[in-house]
Each structure stands twice: as structure tokens, then as C-alpha cells.
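*Asks:* Can you keep this structure in mind? I'll have questions shortly.
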Amino acid sequence: MKKIVLSFTLLITSLALYAEHITGGEMYYTFAGVSNGVYKYNVTLKLFRNCGNTGAALDQNAAIGIFDNTTNSLLKTESVQRSSMSTLSLQDPGPCITNAPSVCYEVGFYEFTVELPASARGYTISYQRCCRINGISNVVGSGSYGATYTAIIPGTNTFATAPENNSAKFSGRDTVIICGGYPFTYSFAATDADPTDQLRYSFCNAYSGGGQDAGPSGGQNTPIPNPPAAPPYSQPAYSFPYNGPIPLGTNVSINPTTGLITGTAPPEGIYVVTVCVEEIRNGVVIAVQRKDLQIKAGGCDIARSLLDPVYTSCDGLTLDFANKFSSPLISTYYWEFGDPASGAGNSSTSATPTHTFSTPGDYTIKLVTNRNQECSDSTTALVRVWPGFFPAFNTTGICINNPVLFTDASTTNYGVIDSWSWSFGDETTLADTSHKKDTSWKYNTTGPKEVIFTVTSDKGCFKTLKDTITIIDKPPITLGFRDTLICVPDAVQLQASGTGNFSWSPTGTMVNANTGTPTVSPPSTTTYQVTLNEQGCINQDTVRVRVVQFVSMNAMADSVICETDPAQLHVTSDALRFDWSPAAAVSNPTIPNPIALAGSSLVYSVTGSIGSCNTTRNIRITAIPYPVANAGPDTIICYNTPAPLHGTHDGSLFNWSPTASLVNSQTLNPVAYPARTTEYILRSFDTRGCPKPGIDTVLVTVLPKIRPFAGNDTAVIAGQPLQFNAEGGVNYIWTPSTGLSNANIKNPIGVYGAEIDSIRYTVEVFNEAGCSDTASMKVTVFKTNPYVFVPSAFTPNGDGKNDLLIPVAVGVRKINYFRIYNRWGNLLFSTTTNGHGWDGNLSGTPQTSNVFVWMVEAEDYTGKKFTLKGTTTLIR
């Protein structure tokens, strides 16, 4: 048991050592004099811890290491007792901020004196401790990282007197409220007791050290490194998009001269911010001091007015304005546009006003939020309104390794254009820029290049244009044709287009040889070469002019077609133009292979031309009538009956299809036995010249098989009417007709006297084709009143006899209900269907032998209701 207690105690101690508690810190020193080459410094370590933090308290003693920067070796370790503690807090942020984050730090001071000999590269004083708090927004897994705080003592290799140095000491107020998403300022200003030193500020990487992180900082799994690890020190892993130089995002920056942090705060969260201040003496950085602090951006709102410093419009006189951020603390807005000439429009109470300025010029606008109210704030901005700014540029040249000229074509109605910036999109270099008004660039690769041109005016106008030019190794030549045909003695104009100077060869019989469109009249086939020269960038191509003495043409042979059919016409020719006659009788009179549309006998003429030469040919098309086929009229037959067909034709041959269900299909009068509705086709052929058959069809519709129904056997009371209702056809005949109101309809009414005991009826059912089939039913006539008979006992034992308790209705039009109850009055079964009975089960459970009560209500054929009840015995 003692061992267990001891182990648990060690675990608690280990967790306390690793517990998150470090919020920030810095280290600084003052020079206390030098004696016999030994320099004396008073050093202070300042650590921050969030008030109320549940982690470990600030240590009573700090292990501080001193390292020689020449070798990074440990010179000595100081165990420094905490000298004092204080609390910094901001309790009341005022009424003009809501949901303000709590800002409270416990600040511990560790002070000691160290004496050091002069060193060429100076010393690094270092303290390390685990751990930073969990959940830091700009550091991945922040709770696993410790922190390192340092001070740098300069060496003699910069200046002989450099060790006589007082470090920079941060003096900015640490209790500043920051609201996520709102503009803010935070001073990291420092002071330096050395009057000649200049200070320069920047964001820099935080140092890790101590705790569970590994790396050059050492201290892996060591919450309180003693001694601290030697420099250099590693940094924690920042989460995208943050890093050491951008700890609060791209909208936040630090003034390098004043150390003032300004911008728009990142989203609500906790962020590690490290500021480095360089001590510069005679233009040389002699030391760098650091302050590391975890800044909390709260989910608060601020009542504040904020505008951009300058608004510029170079397109018109109208601008839209809005406060840079909104807040529920802001209830009213008041704007002054500095434009008295606009009269009543010179002010507005809109949150997002639009103002049209009276004339071009520079104006100062003012925004007042919560005017004459609590939490009022105001700001001003410069508005530059100078419409009429029209950036443009031109380019000349697109050839590789030749200069491409870029010329500014921008104009402005006000002021002058005062700057130009060109980026030529040359992917082979980063030096493809120019700030001249007109410039040039020589590309050494082909392809598209994105040119970016930015131009400004002294009135504040600014615009960037983008355009893509394509660099080629040769200037493009576009030819109207590469091969053409002429007939002696015609001329033809060659067609070439492009940028540059044209020349052609050979030039014999050529007019305008130095243009893109010379005219030539060669006596024989000639190939012409064209050359295009654009500022020394040359391309060549060729055009062939074929020369003939006449037009050759071979026409198709005369042809026979079936009357009303189109015909394909065609000729083989070297002609360039065709003219068919009559033009209205062909699909296109200007092509060598049109479709003849007349469908009758006709002579077609075609003329082929090459320039002034032409040749004509004729083609005769003879149209022969189609043979006539008549398959006979459509017919309807009964199911499984034959259909005689009767065809006629005027041809020499014929055939029927399909033949599978035809008898004597080789004759004009076959007999069809279709199993279903079928279309039969008669084709007629002749030998008069029409190659296609005449076609006709006959539809044989097969009616479905008749399914007659007379009704179920039934019973009736003498003297009461019985409604019949046959089904299955369109016409009906009942036999015998005894007692029926009409024996030739589907639904007669029967009435019977006491002399009839029973009668069987047969109904013949006819379809629309007159085909018929029969069905029968039996009517039993009772001499009693309408009644529902219920057996006095039944035996549901599955033997097929008396297994169901079934009501039998006589002289009843319908049963309203038939119900069965047990002796306790519980309903066991109910039905409204005559002949539907109870099987002796309740919800699938067989009932034991017993007496059960039944009740029935029914209506006779006159609509009169009657009720009966009784008992029946279930026998198992």
C-alpha cells in the first residue's frame, strides 16, 4: 500500500510540473559597470501567468543559463529566487465595449547580478519552462510546447564598447482589450538607456523549450530544464495561415519604428505573439531582445467609427460609404461629406450612405457614431473624386527573340499620369518588369504571356489592366486557299493575310506582287511561294494554281425510276461551278450530285464551268408507275376462327407476309388463322422497269376469348325480386325466360311464385363480332320470409366438414353484420359478407368447446331490415 501511495504522489507531482500555466515573458538587463575586463549586469526575468489559472504556480526558483555565443557552450547556471509578485488587471473596460475578455496577469520577477568577461560574440541568457496553455489558436498542439525567454549581451566583434550595453526594455501596457474582428492597437514599445541606440521592431518566431517538445531546444519531457538547453532554439508548429512573422493574420502589422501593433483582430481566440526589438548602434545590430505574450481576442463589441484613410473615385462622382465595422453599441450615424455645394445632401444619417459630389476635387468626410450620445466616436477620411481616368496600352510585335513594343495609351481628364508599372509575363525570369511609360521586352520562349500594366495619376487614380499576347516563332500567314483551278486565259487573285510585308515568287504574269492579294494569270500550272516578314521574323507558305484548257465532264447514264421517287444525279468533272436545269426540279442546282425531285420522266441538263470555260451534259430520267396491290378490306374475327383474305394486283408476281399463319399463301385468296391481331402485307412486282414493289396491307383484328359469367347459384323467397347480372360480352340471351323481366339483357329481374322450387338458367354471351359462349346458374326458391340461417353447432377440426360457422342468407339483399360473442360479451368475430364464417379461433388461438352467441342484421330486396340472434355450440 505504501508503494502505491508513493507512486500516486509522484504522478500528481509530475502532472503539476507539466501543467499549463505560462502566459508569456521577457528578460532584460542594465549595465552596472566594468572592472579589469569583467562586465557586471543586473538581469531581470519577467514571467506572466493568467489569474485564476488552475495549472502550476510560478516557480519559487528559476534555473537560468548563460551561454557563450562563440561556441553556444554553457558558461554557468544561476538559481534565481523569485523576488516579487504583482497583479495586472483591467476590471472595467467602460460602457462602450461589451462582453470584454478578462485581462488579468500574475507577474513574477526574478532578479540577479552576473559578472562576465568580454566575449567576441557576446552571451545569451536563457530560461526555459513548460508549459504553454492548451487551445492556442495559432499553434498546433500548444499545450505540448514550453517557452524560452532570452536576453542577448553583445560581443566585442561589433564594437569594442558593445558589451557596455543596456538592453531594450519593453514598456508598453500589457492590459489591453482586443475584440475579435475589430480594429485595435497594442503597444510593444521599448526603452533603451543607451542614448545612441536606435530600436527596430518586428514580429518573430516564438521559442519552444521545456516540456514534451523535442528539437534543438532540448528539454524533451523535461518541464523545468536545469540547466536550460543551449541555443539555437526551435519554434512551435504554427497553424495555417499564421506563423511567427504573421502571428495575428495578414490584417495586423507592427510599426518597425514605434512597436505599435495595429490592424483588425483575428477571430476570437488566444494567440502567441512574439516581438523582437533590434538594438542598432551606428547602423549595426548589436543585440536582439524579445517579448513573448499570449494575447486573447475576445468575442466583444466596440462602439467605434473607422474609415479607410483615403477613398478614390476615378470613374464618377458617386461613392458609397460605410463604417468599417458594425456593432450593436452603435445606434445612430451622422455623415458630413465636406461638399457644401451639394446643399441638403451634404449630410446623411444613413448607416451606408451614397453621395454624389458636386464637382471633381478632394474632399474631407467625417463620420460621427452615436452623435450626442454615450459612446460617441468620430473619424475623418480624404475622398479624391477625379472622374475621367482611362488606362490603356498597345503592343506591337509577337515574334520570338524580337523586341515587343509596349506603349501607354492612357488618358486622364484631371491631373497627369505619373507612374507606370509593367510585368511582361515572361516565365523564364523575375526581372520582366519596367517602370517606363513606353518600353519593350524580348521573349525567348513562345506561347501565351499575361501582361500586367498598372498606371496611376497624381490625383490618386490607380488601375491595373491585364491582357494576354501570344509569342510565336513565325508570323502567321492566313491563306484564302492553297490550291485552285483556272482555265486559259483567265486570271485569279491570290489571298494571303497577316501582319508584316508580303512578297511572292515567281512574279511573271503577276500584278501587285508585294501585297497579300496579287493577281496571276499563268499559262500552265504554277506553284507560288509567299513570304511574310514582320520586323525580321519570317514565315513562308505556298499556293498552287492549276491551269486547264477546257472543262472535262462525265455524266451518269440515263436511268429508270419508279414514278414519284427521287433519283440521285451525279457527274464527274473538274469544274468549279455547276448549274442544273430545270433548277426547281433538283435539291441543289449548284453541286455535282443533287437529288432529282420531279418523280416523273424528265431530261436534266448540267453545265460545268471553270472561269470562262464551260461544258454541258444531259441526263434522261424515265419514271415507271408502281405496280398496284390491293390486300382487301380490314376485318374482325372471333377468337380461334379463320379469316379469308382476298387480294388483287396488276403485276407479274406477288407474295404475302407473314406466311406462318396463312393457308395457301401462294394464292391471292389465302385463309388466315392468326392467334392475335395481325397485319398481312401483299406485295406486287412487275417487269416494266420499276424495281420496287407495290404494297398494300390488311389488318385482321382477333377479338379476345369470351369469358361468360351468369352469376353464382343463389336462393330467393317466393314473391321477392332477384337481380341478375351477367358479364363477359355486349349482348345476352337467357333461357329459359321463366320469371325474368327481359331475357335479352344482361341484368333482368326475376320474380317467382310458390309453385317453383328451383330453376337453372343458361345465359349466352355475345361479343361485338357475334361470337358467343354460355354460362349457367341455379336459383332456389324458398316459401318462407327472408331469413338468415345459422347452424346450431360446428366442428372446426380441419376435416373439411362443418369447419366454419357460416350464415346462409335467403331472400336477403345484403347482410349489415354477423357477429359472434363469448359468454362474457366479448366480440370474437364480425363480417358483412354472406357465406363468410368463423373458424373457431381468436387472434390465431383456438377456442375451447363452448356455447357462443350470434347476432345478425340483414335487409331484404325491398330494403326492409330485420335482426336475428341465437346460440351455436363449438365442438372440439
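*Asks:* So is Ser73 closer than 24 Å to Asn243 by Cα, surrounded by fewer than 23 Cβ atoms within 10 Å (Cβ to Cβ), in contact (Cβ under 8 Å) with a residue 40 or more places away in the chain and not acidic (Asp, Glu) or not?
*Replies:* no
*Asks:* Which residue out of Phe67, Phe8, Phe31 is of a type outside the set (Gly, Ala, Ser), modelled with pLDDT of 95 or more and surrounded by fewer than 18 Cβ atoms within 10 Å (Cβ to Cβ)?
*Replies:* Details: Phe67 fails: surrounded by fewer than 18 Cβ atoms within 10 Å (Cβ to Cβ); Phe8 fails: modelled with pLDDT of 95 or more.
Of Phe67, Phe8, Phe31, the one residue that is of a type outside the set (Gly, Ala, Ser), modelled with pLDDT of 95 or more and surrounded by fewer than 18 Cβ atoms within 10 Å (Cβ to Cβ) is Phe31.
*Asks:* For the stretch 335-352, which positions are within 15 Å of Thr380 (Cα to Cα) and in contact (Cβ under 8 Å) with a residue 12 or more places away in the chain? Write out each step before concluding.
*Replies:* In the first step, residues of the stretch 335-352 are kept if they are within 15 Å of Thr380 (Cα to Cα); the result is 335-339, 346-348.
Within the stretch 335-352, Trp335, Glu336, Phe337, Gly338, Asp339, Ser347, Ser348 meet the criteria.
*Asks:* Any residue at all in the stretch 168-183 that is at pLDDT 95 or above, assigned to a loop (DSSP other than H, G, I, E, B) and either assigned by TED's automatic domain parsing to the domain that holds Ile286 or under 30 Å from Asn138 (Cβ atoms) (or both)?
*Replies:* The answer is yes, given that some residue of the stretch 168-183 is at pLDDT 95 or above, assigned to a loop (DSSP other than H, G, I, E, B) and either assigned by TED's automatic domain parsing to the domain that holds Ile286 or under 30 Å from Asn138 (Cβ atoms) (or both).
*Asks:* I would also like to ask the following. Tell me the residue from Asn744, Asn785 that is closer than 30 Å to Thr641 by Cα and polar (S, T, N, Q), please.
*Replies:* Criteria check complete, one pass: Asn744.
*Asks:* Would you mind listing the strands (runs of 3 or more DSSP E) fully within the stretch 243-351 where at least 2 residues are out of contact with any Phe, Trp or Tyr (no Cβ under 9 Å at 6 or more places or on another chain)?
*Replies:* 269-281, 284-298, 333-336
*Asks:* Follow-up question, since we're still on this one. Restricting the search to the stretch 133-151, which residues are part of a strand (DSSP E or B), touching a Gly at 6+ places or on another chain (Cβ under 9 Å) and either modelled with pLDDT under 85 or among the aliphatic types (A, V, I, L, M) (or both)?
*Replies:* Ala147
*Asks:* Out of the stretch 849-864, which residues are in a loop (DSSP other than H, G, I, E, B), touching a Lys or Arg at 6+ places or on another chain (Cβ under 8 Å) and either more than 16 Å from Ser792 (Cα to Cα) or assigned by TED's automatic domain parsing to the domain that holds Pro721 (or both)?
*Replies:* Tyr861, Gly863 - these are the residues of the stretch 849-864 that are in a loop (DSSP other than H, G, I, E, B), touching a Lys or Arg at 6+ places or on another chain (Cβ under 8 Å) and either more than 16 Å from Ser792 (Cα to Cα) or assigned by TED's automatic domain parsing to the domain that holds Pro721 (or both).
*Asks:* Here's another thing I want to ask about it. Has the stretch 331-341 got at least one residue that is in contact with a Gly (Cβ under 9 Å, 6 or more places away or on another chain), closer than 28 Å to Gly249 by Cβ and either among the aromatic types (Phe, Trp, Tyr) or not assigned by TED's automatic domain parsing to the domain that holds Gly25 (or both)? I'd like the intermediate steps shown before the answer.
*Replies:* Step one: filter the stretch 331-341 for residues in contact with a Gly (Cβ under 9 Å, 6 or more places away or on another chain), giving 337, 339.
Those left that are additionally closer than 28 Å to Gly249 by Cβ: none.
Within the stretch 331-341, not a single residue is in contact with a Gly (Cβ under 9 Å, 6 or more places away or on another chain), closer than 28 Å to Gly249 by Cβ and either among the aromatic types (Phe, Trp, Tyr) or not assigned by TED's automatic domain parsing to the domain that holds Gly25 (or both).
*Asks:* Taking the condition surrounded by fewer than 16 Cβ atoms within 10 Å (Cβ to Cβ) and of a type outside the set (A, V, I, L, M, F, W, C), does Thr396 pass?
*Replies:* Details: surrounded by fewer than 16 Cβ atoms within 10 Å (Cβ to Cβ): yes; of a type outside the set (A, V, I, L, M, F, W, C): yes.
Yes; evaluated as a whole, the condition is true for this residue.
*Asks:* Is it the case that the stretch 361-379 has a residue that's over 30 Å from Cys179 (Cα atoms), among the charged types (D, E, K, R) and surrounded by 18 or more Cβ atoms within 10 Å (Cβ to Cβ)?
*Replies:* Taking every residue of the stretch 361-379 in turn, none turns out to be over 30 Å from Cys179 (Cα atoms), among the charged types (D, E, K, R) and surrounded by 18 or more Cβ atoms within 10 Å (Cβ to Cβ).
*Asks:* Please work out if Asn712 is in a loop (DSSP other than H, G, I, E, B) and modelled with pLDDT of 95 or more.
*Replies:* Numbers: in a loop (DSSP other than H, G, I, E, B): yes; modelled with pLDDT of 95 or more: no.
So Asn712 does not fit the description; no.
*Asks:* So, one more: Please determine, by comparing only the residues of the stretch 677-707 that are surrounded by fewer than 17 Cβ atoms within 10 Å (Cβ to Cβ) and in a strand (DSSP E or B), which one is modelled with the lowest pLDDT.
*Replies:* Per the stated criteria, the residue is Thr701.
*Asks:* Mind listing just one residue for me: the one in the stretch 613-632 that is surrounded by fewer than 16 Cβ atoms within 10 Å (Cβ to Cβ) and hydroxyl-bearing (Ser, Thr, Tyr) and, of those, modelled with the lowest pLDDT?
*Replies:* Ranking the candidates gives Thr622 first.
*Asks:* Is it the case that some residue within the stretch 476-499 is surrounded by fewer than 16 Cβ atoms within 10 Å (Cβ to Cβ), acidic (Asp, Glu) and not assigned by TED's automatic domain parsing to the domain that holds Thr312?
*Replies:* Yes; the residues of the stretch 476-499 include at least one that is surrounded by fewer than 16 Cβ atoms within 10 Å (Cβ to Cβ), acidic (Asp, Glu) and not assigned by TED's automatic domain parsing to the domain that holds Thr312.
*Asks:* Sticking with this one: Restricting attention to the stretch 797-814, report how many residues are more than 24 Å from Gly863 (Cβ to Cβ) and either part of a loop (DSSP other than H, G, I, E, B) or not assigned by TED's automatic domain parsing to the domain that holds Ser830 (or both).
*Replies:* 9
*Asks:* Which one of Thr833, Thr867 is assigned to a strand (DSSP E or B) and not hydrophobic (A, V, I, L, M, F, W, C)?
*Replies:* On the way: Thr833 fails: assigned to a strand (DSSP E or B).
Matching residue, one of Thr833, Thr867: Thr867.
*Asks:* Return the residues of the stretch 447-502 that are among the small types (Gly, Ala, Ser) and more than 30 Å from Val548 (Cα to Cα); say none if nothing qualifies.
*Replies:* Of everything in the stretch 447-502, those that are among the small types (Gly, Ala, Ser) and more than 30 Å from Val548 (Cα to Cα) turn out to be Gly447, Ser457, Gly460, Gly498, Gly500.
*Asks:* Among the residues of the stretch 418-466, write down those that are closer than 13 Å to Thr407 by Cα and of a type in the set (Asp, Glu).
*Replies:* Asp438
Okay, residues lined up against (1) surrounded by fewer than 16 Cβ atoms within 10 Å (Cβ to Cβ); (2) assigned to a strand (DSSP E or B):
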| site | (1), (2) |
| --- | --- |
| Trp422 | no, yes |
| Leu430 | yes, no |
| Thr464 | yes, yes |
| Asp467 | yes, yes |
| Trp504 | no, yes |
| Thr507 | yes, no |
| Gly516 | no, no |
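*Asks:* Among the candidates Gly181, Gly172, which residue alone is on the phi > 0 side of the Ramachandran plot and either out of contact with any Lys or Arg (no Cβ under 9 Å at 6 or more places or on another chain) or in contact (Cβ under 8 Å) with a residue 12 or more places away in the chain (or both)?
*Replies:* Numbers: Gly172 fails: on the phi > 0 side of the Ramachandran plot.
Gly181 is the lone residue from the list that is on the phi > 0 side of the Ramachandran plot and either out of contact with any Lys or Arg (no Cβ under 9 Å at 6 or more places or on another chain) or in contact (Cβ under 8 Å) with a residue 12 or more places away in the chain (or both).
*Asks:* Something else now. Name the residues in the stretch 734-758 that are surrounded by 16 or more Cβ atoms within 10 Å (Cβ to Cβ) and outside any loop (DSSP other than H, G, I, E, B), would you?
*Replies:* Trp734, Leu740, Gly750
*Asks:* Follow-up question, since we're still on this one. Those residues that are part of a loop (DSSP other than H, G, I, E, B), touching a residue at least 40 places away in the same chain (Cβ under 8 Å) and either in contact with a Leu (Cβ under 7 Å, 6 or more places away or on another chain) or over 19 Å from Tyr29 (Cβ atoms) (or both), I need them from the stretch 58-70; list them, please.
*Replies:* Scanning the stretch 58-70 gives Leu58, Asp59, Thr70.
The values are calculated or read from the model by the stated rules, or taken from the named source; none is laboratory data. Note that this is a predicted model, so its numbers are computed, not measured. Note that each Cβ is placed from the backbone with ideal geometry, even for glycine, and that neighbours are counted across all protein chains shown.
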